[in-house]
Amino acid sequence: MSRAAGRFLNDIRMVAGLGTTACFPFCEAVSSEMALGDRTMAKDYDVVVVGCGIAGLAAAASAVEGGARVVVLERSPRNERGGNSRYTEAYLRMSSETEVSPDFESGLEANAGGYLDPELVKSVLKTREQWPPLLRSLSFADPELVSHFARSVPEAITWLKKFGVRFEFFPTQFLTQATPRLLPSGGGLAVVEALGEFAEGQGVAFHYETTARELLLGSKGEVIGVRGLSRTEGPIDFRGQVILASGGFEGNPEMLTQYLGPGAHFLRPVARGGLYNKGEGIRMALAVGAAPAGEFGNFHAEPIDPRSGASEPSIMIFPYGILVNRLGERFVDEGSDLVDRMYEEVTRAIWRQPQGIAYCVGDSKVKEIPAYSRAIRTDQPAVEADSLKILAERLGIRSAAFEETVRRYNAAIQPGPFNPLALDGKRTQGLTPPKTNWALPLEKAPFFAYPMICSVVFTFGGVKVNTHAQVINSDGDVIPGLYASGEVVGMYYGSYLGSTSVLKALVFGRLAGVTASRSRHLGETRHP
């Protein structure tokens, strides 16, 4: 028994590092089994990729490297291709270009699922082929998948570098952080353009303004293509193995409300690219029997300025001030931990406030913090005033309650040194909610405030895959001809382990492309 597997068994929420077995199922499309409507055009490929972000382009690039004929379907126009990937800075949770951070697996392990049946989970100590079907299809981040993900990251980074992408440890917006972040020079857009240019140069066909609508099945239930709708050409059946890399459902208010509840209308994607993510890839996969995975009622949250139309106009300065709602009341500990570990929890608390909005309030002392402006990404100015009463009036919140909130907060602050770049223990006492670190009194005019809402960076719910990015059905078997990557892969539960989503897109996109290109030449198998 490996130490990681033993740890997984002792704490059912976790994952560990078991080995993997090679398996490349045969998923070749059989065109004779395709029933075409009279008005539906058909196009034959080896691999059909749905989505043109990092997940889809990594799949397309690796598949064409393997000799496959590849087509990419993308809802957006070419000049907006990339979805969320186009707008992200693409933080990577890595200690170097060849090592993931020390907490990579353990962080995913800490939020791997719910309260699982311990007798069922004992089977993870066996080889995957010996797992009962219920376990293979169970909605949890299984140890084999997480371990393989972590091991595959350095190789994927090396692979990406050959397309001209370069990496650096640039300063991030987090003034305090638990782990360093590696960043590609030029962010996600640089990765999108590098992979896109390579794919175009290798003859990959791109159909922009084309939306995938329905998976096409052969006589044995295998996926043999996807029906798309082109803005200019109408319905087209793209025949071949299918890799779903079309993002989550953060751009679909109906699905957000279905899974997150009525407060979903206060949410918006963190960047415009998320509006293209309507959830069809997930729905299509579930419709043909894919096993769901990931927490459908949850998402990665980030606090943004609702006044801004910029990409990711986040506000991370709140640990040094207070957050109040429209009633003028505090509702969360703004200094509970290093900001990169707790901003998601704080953001979800904002979402639960009246009208889904809050205000980050500080005074002029905050501007004395070294590089404080790095933590403010909005392009809109702060709301400022020389008194708390006037500030409240400008924000449209209850001024009497707000002034009393500040008075009680100031009175509760305990003496002690202030260190903005580390957990300093400068806290309040006898205050609910408390402030655990960085408790500075609000007393030095001018005062300022930024409105903040909860944004959806990406949704957690998706489908189950194995270590080859093959989609697993609800019986625990591979769905021949179907693969998934990026947000379509359900892996996150509870809280998101920061700076792993781009790596997930890259790793599983590459795995899907490699597996699909190889499977053209191998016999069919139902290996789990």
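The values are calculated or read from the model by the stated rules, or taken from the named source; none is laboratory data. Everything numeric in this text was worked out from a predicted model, so none of it was measured. Here the Cβ positions follow ideal geometry from the backbone for every residue, glycine too, while neighbour counts run over all protein chains shown. What goes into the accessible areas is simple: the full protein's heavy atoms, side chains included, and nothing from ligands, DNA or RNA. Shrake-Rupley method; radii C 1.70, N 1.55, O 1.52, S 1.80 Å.
Here are the numbers:
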quantity	calculated
In segment 471-512, the residues that are within 15 Å of Ala141 (Cβ to Cβ), in contact with a Ser or Thr (Cβ under 7 Å, 6 or more places away or on another chain) and open to solvent by 10 Å² or more (accessible area, probe 1.4 Å)	Glu487
Cβ pairs under 6 Å, 6+ apart, first in segment 340-356 and closer than 13 Å to Leu497 by Cβ and at pLDDT below 95, second open to solvent by less than 20 Å² (accessible area, probe 1.4 Å) and assigned to a loop (DSSP other than H, G, I, E, B)	Asp340/Phe174; Asp340/Gly498
Gly430 being part of a loop (DSSP other than H, G, I, E, B) and either hydroxyl-bearing (Ser, Thr, Tyr) or more than 30 Å from the chain's Cα centre (by Cα) (or both)	yes
Index of the failed condition, Glu109 passing every other in (1) part of a loop (DSSP other than H, G, I, E, B); (2) under 16 Å from Ala293 (Cα atoms); (3) not hydrophobic (A, V, I, L, M, F, W, C)	(1)
Selection status of Gly273, open to solvent by less than 10 Å² (accessible area, probe 1.4 Å), under 22 Å from Asn79 (Cα atoms) and of a type outside the set (A, V, I, L, M, F, W, C)	yes
Close pairs (8 angstrom Cβ cut-off, 6 or more residues apart or separate chains): among the basic types (Lys, Arg) in segment 111-123, assigned to a helix (DSSP H, G or I) anywhere	Lys122/Leu9
Hits in segment 239-269 (condition: within 16 Å of Glu302 (Cα to Cα), part of a strand (DSSP E or B) and open to solvent by 20 Å² or more (accessible area, probe 1.4 Å))	Arg268
Residue list for segment 54-92, filter: open to solvent by 10 Å² or more (accessible area, probe 1.4 Å), in contact with a strand residue (DSSP E or B) (Cβ under 7 Å, 6 or more places away or on another chain) and within 24 Å of Asn277 (Cα to Cα)	Glu74, Arg75, Pro77, Arg78, Asn84, Glu89, Tyr91
Selection status of Pro451, in contact with a strand residue (DSSP E or B) (Cβ under 6 Å, 6 or more places away or on another chain), assigned to a loop (DSSP other than H, G, I, E, B) and modelled with pLDDT of 95 or more	no
Filtered residues of segment 300-314 (kept if of a type in the set (A, V, I, L, M, F, W, C) and open to solvent by 10 Å² or more (accessible area, probe 1.4 Å))	Ala310
Segment 173-216: number of residues that are under 26 Å from Pro313 (Cβ atoms), in contact with a Lys or Arg (Cβ under 7 Å, 6 or more places away or on another chain) and either among the aliphatic types (A, V, I, L, M) or surrounded by fewer than 18 Cβ atoms within 10 Å (Cβ to Cβ) (or both)	5
Test: residue in segment 284-292 that is of a type outside the set (Ser, Thr, Tyr), outside any loop (DSSP other than H, G, I, E, B), over 21 Å from Leu138 (Cα atoms) and open to solvent by less than 30 Å² (accessible area, probe 1.4 Å)	no
Candidates Gly240, Gly221, Gly247, Gly228 - the one that is within 25 Å of Asp46 (Cβ to Cβ) and within 20 Å of the chain's Cα centre (by Cα)	Gly247
Residue match in segment 325-347 (condition: hydrophobic (A, V, I, L, M, F, W, C), within 29 Å of Arg86 (Cβ to Cβ), over 22 Å from the mean Cα position of the chain (by Cα) and open to solvent by less than 10 Å² (accessible area, probe 1.4 Å))	no
Scope segment 158-170; condition within 21 Å of the chain's Cα centre (by Cα) and part of a strand (DSSP E or B); matching residues	Phe167
Options Ala400, Ala411, Ala382: the member that is over 30 Å from Leu497 (Cβ atoms) and surrounded by 14 or more Cβ atoms within 10 Å (Cβ to Cβ)	Ala382
Where a residue in segment 45-63 is over 23 Å from Gly187 (Cα atoms) and its partner, wherever it lies, is basic (Lys, Arg) and open to solvent by 10 Å² or more (accessible area, probe 1.4 Å), with Cβ under 8 Å and at least six apart	Tyr45/Arg69; Tyr45/Arg239; Asp46/Arg69; Asp46/Arg520; Val47/Arg69; Val48/Arg239
Residue ID - farthest from Tyr91 (Cα to Cα), chosen from residues in segment 149-171 that are open to solvent by less than 10 Å² (accessible area, probe 1.4 Å) and in contact with a Lys or Arg (Cβ under 8 Å, 6 or more places away or on another chain)	Phe149
Condition met for Gly461 (surrounded by 15 or more Cβ atoms within 10 Å (Cβ to Cβ) and either of a type in the set (Phe, Trp, Tyr) or within 35 Å of the chain's Cα centre (by Cα) (or both))	yes
Lone unmet requirement of (1) open to solvent by less than 10 Å² (accessible area, probe 1.4 Å); (2) under 26 Å from Ser495 (Cβ atoms); (3) of a type outside the set (Asp, Glu) for Val366	(2)
Pair list, Cβ under 7 Å, 6 or more apart: segment 130-148 residue closer than 11 Å to Gly294 by Cα and assigned to a helix (DSSP H, G or I), other residue acidic (Asp, Glu) and open to solvent by 20 Å² or more (accessible area, probe 1.4 Å)	none
Hits in segment 414-445 (condition: in contact with a strand residue (DSSP E or B) (Cβ under 6 Å, 6 or more places away or on another chain) and within 23 Å of Ala385 (Cα to Cα))	Ala439, Pro441
Any hit, segment 197-209, residues being among the hydroxyl-bearing types (Ser, Thr, Tyr) and under 27 Å from the mean Cα position of the chain (by Cα)	yes
